[in-house]
Structures are given as structure tokens and as C-alpha cells.
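Reviewing the structure listed below.
The values are calculated or read from the model by the stated rules, or taken from the named source; none is laboratory data. Since this is a predicted model, take the numbers as computed values, not measurements. Ideal geometry is used to build each Cβ from the backbone, glycine not excepted, and the neighbour counts take in all protein chains shown.
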Amino acid sequence: MNSGVQWGVRAISAAVLGVLGVGALAVPGATAAAEQPATLCTDLWNQREGIVANVAVVGDLIVDGSCYILRSSVTGDVVVPAGQQVVLSETVVDGDVRASGRAALLSSIVDGAVELDGAGTAVLRVEGGTVRDVRGAAREVTFAAGARLTGTYDVTAGEMHRLQGSTFVGPVTARDGRLLTHGSTFGDVTAIGSRDAIVCRTTVTGDLTVTALADYARIGLEGRERCGVTIGGSLVLRDNPHSVDLGEVAIARDLVCVRNSGPRVVSGTPAFTEGSRVTVGRVSYGDCWYEWVWI
């Protein structure tokens, strides 16, 4: 879906769009969508308290500036154009959060998806609360403080995926940028094209796959400090032109190493590293030290 249609899903009025520089849109099904009202955040702003609090917004909420919303609800979408920013604290959104700007979700619930549309401008921070899906392109994404994602995470980041102290029920695909995980629980995790990847004090109940690294990866190791990682499925290291270093890693199923060619290839594996703390429940495929292709 292109960005014009994306922002027009709820048929925001042309006047509102003009204020934000989003542009007039032609939307399929506009007759039905026209029944959804759109509200500017500035129309709800409490000048004395400096926030929007205890408000029930029917339809879409359009962020025009810097907006702090506390203990409120939105039946439609929250739309955050580039250059705008919103903090949703203890707030429930029935629709989507669509952000090309900055969005912080603090102990909030998003029943729809978080759609990120700004590789250089979108910034998402989730602390506590629950969101369903997060997808798109952003400068950086942070999960922290017991946040919970129940659906799918599929994001291309210009700078960082910072996934700390949170629970990810569905599959996680982190593309580009840096990947940093501490103290989180995941289903399946796939890192594609990471500038570097550090996986530390983390539980992955499914498979952890690292491929096409643009810099090194450290799993169960941070600096010289070991930090345990538990993998309920397999650890798959594939097509990485940079080194992968393993520290304290417990793998329930297989360790798979295919076409890795960094200076250290894959270090810390039981077969080649004395005192290795990597354990493999079933078998290792490929060779985790020198170039070797498993077919």
C-alpha cells in the first residue's frame, strides 16, 4: 500500500491533510470511510495541564505537533506524519498506529497494527502494554519494560532494533540496522543484513537465524562477558561474510553453519574452542570454523 492510500484509510478531510502537508487523497470506499470522523490533537489539548487526558476519541486521531495523551481511547487510527510526535500513555487504540514521525506507547494497548512508514523519520518506543503487529520501515524501534507483542514483527531499521525486557509471541524479522536483545523472550527470530547483532540473556523458544550480516554478531556474549542464551529450536548461521562469536548458548535442536566467511567464521563452538559453553541437543550441520557448505 502506498503512503497516500495508507494515510487516507479513514478519509481524513482535505483541510486536515492540508495542515499536515499530507495532501488530498482518493480512497476506495470513501463513502463508507467518510462516516469516520478525524480529530486533530491540538483540538483536544488542555493548555493548563499541557496534555490530553481522559478523552474518548471517536474515529481517527491526527497528530499535528507534539501530543501527549493520557488514559484515553481512540476508536480509529492514530496518524503521526513525519515531523510530528505523540506519546500514548495508558491509552487504548482500537485501530492502527500509522507513524512516519515519532510514537511512544507507554503501558498502552494497540488492537490493530503499528505501521511504520519512514526509514529516516519514524521512531517507535514501546514500554509495557501490548501491541499486535509492528511492520514497515523506521529509523529505530525500541521495546522495553515488559512490553508484549502478540503478532508479527517485521521491520527494516535504518539504525537500531532495541528489543529489551519484552515478550514477542509471534515471529520477529529484524532487517538491517543493529539488533540488540537483552532479557527478552521470543518465538522465532530472524536477523537479516544486521550491521551487528548482539543477542544476550535471551530466550528463543523457536529458531534463531542470522544471515547476510553487514558486521559481526555475538550470541551469548557481550564484550568478554558471557550472557546466557537459550534456543528451543535450532541456531542457523547462513551466508554471513562477517564473524559470528558464540558465548554461552544452549541449543535444544541443531547448530547449522552454512557459507559463513568472516575472519573468525563462527567461533566458540564445542568442536573448536576449548572450554566452550555452547551445547547442542541434536547435531551440528556444516562446519562452524572454516568454509564448508552443507547440502
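Residues of segment 225-262 that are closer than 20 Å to GLN164 by Cβ, at pLDDT 95 or above and either crowded, with 19+ Cβ neighbours inside 10 Å or of a type in the set (Asp, Glu) (or both): VAL229, ILE231. Looking at VAL134, VAL92, VAL63, just one residue is buried (at least 22 other Cβ atoms within 10 Å of the Cβ), over 17 Å from the mean Cα position of the chain (by Cα) and of a type outside the set (Phe, Trp, Tyr), and that residue is VAL63.
Here is a yes/no grid of residues against (1) modelled with pLDDT of 95 or more; (2) assigned to a strand (DSSP E or B); (3) buried (at least 18 other Cβ atoms within 10 Å of the Cβ):
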{"site": "GLY76", "(1), (2), (3)": "yes, no, yes"}
{"site": "ALA82", "(1), (2), (3)": "yes, no, no"}
{"site": "VAL87", "(1), (2), (3)": "yes, yes, yes"}
{"site": "ALA103", "(1), (2), (3)": "yes, yes, yes"}
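Just one of the numbered conditions (1) within 25 Å of VAL79 (Cβ to Cβ); (2) of a type in the set (Lys, Arg); (3) modelled with pLDDT under 95 is not true of ARG132: (3).
For VAL52, state whether it is crowded, with 19+ Cβ neighbours inside 10 Å, at pLDDT below 95 and more than 22 Å from the chain's Cα centre (by Cα). So VAL52 passes the test.
Condition first: part of a loop (DSSP other than H, G, I, E, B) and at pLDDT below 95. Can you find one or more residues in segment 171-188 that meet it?
Yes: one or more hits.
Answer yes if at least one residue in segment 102-114 is charged (D, E, K, R) and over 25 Å from ARG71 (Cβ atoms), and no otherwise. No, there is no match, as no residue in segment 102-114 is charged (D, E, K, R) and over 25 Å from ARG71 (Cβ atoms).
When LEU149 is tested against (1) closer than 25 Å to GLY95 by Cβ; (2) over 8 Å from the mean Cα position of the chain (by Cα); (3) surrounded by fewer than 18 Cβ atoms within 10 Å (Cβ to Cβ), just one condition goes unmet, and that condition is (3).
From the list GLU222, GLU159, GLU140, GLU127, which one is modelled with pLDDT under 95 and surrounded by fewer than 23 Cβ atoms within 10 Å (Cβ to Cβ)?
On inspection, the qualifying residue turns out to be GLU222.
For segment 211-265, the strands (runs of 3 or more DSSP E) that sit wholly inside it and include 1 or more residues that are more than 21 Å from the chain's Cα centre (by Cα) and in contact (Cβ under 8 Å) with a residue 24 or more places away in the chain are 235-238, 244-246, 248-251, 255-258.
Screening ARG98, ARG71, ARG162 for residues that are within 11 Å of the chain's Cα centre (by Cα) and charged (D, E, K, R) leaves exactly one candidate, ARG162.
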